[in-house]
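One structure below.
The values are calculated or read from the model by the stated rules, or taken from the named source; none is laboratory data. Everything quoted here is computed from the prediction, not taken from an experiment. Don't worry about glycine lacking a Cβ; one is built from the backbone with ideal geometry, like all the others, and counts go over all protein chains shown.
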Amino acid sequence: MYTVKPNRSVPAAGVVPVLTYPDVRRAVAWLTDAFGFEERLRIGDGHRSQLVAGEGAVIVADVGGDRRPPQPNHVTHSVMVRVEDLDSHRERSIQHGAHIVMEPTTFDFGERQYVVEDLAGHRWTFSETLADIDPGDWGGELLPAQ
């Protein structure tokens, strides 16, 4: 059902969030500097851009039609990105003006995470794996593959 066929015009990731920013070029510059993402495709001068992070991807889109950036005090989504070194990633994002929403916190499910808001108000959760924990150990239930 979710087989990904190769297409150089689209990121290879199976799920790709599309996030709206008032200034695509400024957002791309900030996301690459602050979070270490890489731009893989630019569409027009300020229409869209595809960014990659490891095996994941995100599309930065311009405001238009029904697309609007986040509004203050209204969180409608958060994008989670897995990183190898949470502390150095956090320091890098702070150096570029990211607003820390939640300081690094270690969770029972084997992850250490921090939450940050970017220049347009999008929420990002960055997560470093500390251990491979059985979901049953903390109240989760791993379902059989279908």
Based on what the data block shows, is Ser49 among the small types (Gly, Ala, Ser) and modelled with pLDDT of 95 or more? yes
Residue check: is Leu119 in contact with a Gly (Cβ under 6 Å, 6 or more places away or on another chain) and in contact (Cβ under 8 Å) with a residue 24 or more places away in the chain? no
Within the range 1-55, can you find the residues that are touching a Phe, Trp or Tyr at 6+ places or on another chain (Cβ under 8 Å) and surrounded by 12 or more Cβ atoms within 10 Å (Cβ to Cβ)? Ala27, Leu31, Phe35, Leu51, Val52, Ala53
Could you check how many residues of the range 67-79 are modelled with pLDDT under 95 and over 16 Å from Asp23 (Cα atoms)? 7
Residue by residue through the range 122-138, note down the ones that are assigned to a loop (DSSP other than H, G, I, E, B) and in contact (Cβ under 8 Å) with a residue 12 or more places away in the chain. His122, Leu130, Ala131, Asp132, Ile133, Trp138
Filtered residues of the range 33-52 (kept if aliphatic (A, V, I, L, M) and closer than 19 Å to Val83 by Cβ): Ala34, Leu51, Val52
Scanning the range 112-146 for residues that are among the aromatic types (Phe, Trp, Tyr) and closer than 18 Å to Val60 by Cβ, which turns out nearest to the chain's Cα centre (by Cα)? Trp124
Can you name every residue in the range 110-121 that is under 14 Å from Val79 (Cα atoms) and assigned to a loop (DSSP other than H, G, I, E, B)? Asp118, Ala120, Gly121
Considering only residues of the range 21-78 that are of a type in the set (A, V, I, L, M, F, W, C) and free of Cβ contacts under 8 Å to residues at least 24 places away in the same chain, which is farthest from Ile94 (Cα to Cα)? Ile43
